[in-house]
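Data block below; observations after.
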Amino acid sequence: MAKRSSLPLDCIDGCVPYTILDISDKEDILVEERRVPFPVDEYIEILLQSDQYARANVWTKVIVKEWKTRSDGLPINMAQKGICNTMCRRLSIYLKEMYPILPRFALGLIVFGEIHFIILLNAGIRDFRLGLQELIGGFTVFSFLLWLRIADDFKDYELDCRLFAHRPLPSGRVNKKELVIFVSILIVSLTFHLRIK
């Protein structure tokens with residue numbers, strides 16, 4: 001029989017999900033998903049030395065196998081197909097909560113437009129039009145501000161875990177690796193667009 005490789009359903013190794021339900025006196029319910037580190041190898045050692053292993057050997061071996069493969073019943077080829085969708089969903093959560101695209105892109109256009117037109121007016125150029133280059137300039141400012149937002153989240157990660165645990169990065173709904181990949185794609189995209197004349 002062929003060996004089956006697996007990934008967890010959400011494709012994050014080394015963590016386990018749990019849900020916090022916060023019910024206030026006014027019966028408001030806050031549901032928060034978090035991920036906590038899960039040192040699998042340590043827990044396997046503890047389990048193999050426990051009383052449970054002696055009493056329920058077969059069942060314990062099944063648990064250990066699931067932990068070792070991080071198998072939640074999703075074959076690796078299916079998981080790989082879903083990684084992009086999962087990552088895109090997570091990034092959309094981050095952008096929606098921390099950096100709404102439309103307002104920030106409008107801000108990028110406004111900031112670039114102010115600087116661009118002041119430079120043109122100071123140079124005595126009174127005839128100007130909006131075109132592709134101005135859009136790319138706005139996208140550059142938008143991207144730069146997004147990089148600053150992500151860099152700030154990385155810098156303040158420990159503090160945010162204590163004070164703002166509901167935010168996407170500290171809560172585990174988005175991970176650092178995905179944000180690094182996203183920033184790399186933005187840099188490549190911006191480099192390509194800046195080559196347009």
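Here is how the numbers come out for the structure above:
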quantity: Backbone HN-Hα couplings from phi across region 54-59 [Karplus 6.51/-1.76/1.60, Hz, Gly and Pro as x]; calculated: 5, 8, 9, 4, 5, 4
quantity: Residue-span extension gain [Phe192 to Ala56] - 0.36 nm each, minus C-alpha spacing; calculated: 43.0 nm
quantity: Gain upon complete extension [Lys65, Glu158; 0.36 nm per residue less C-alpha separation]; calculated: 30.2 nm
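Values in this text are rule-based calculations from the coordinates and carry no lab data. Just so it is clear, the model here is predicted, and its values are computed rather than measured.
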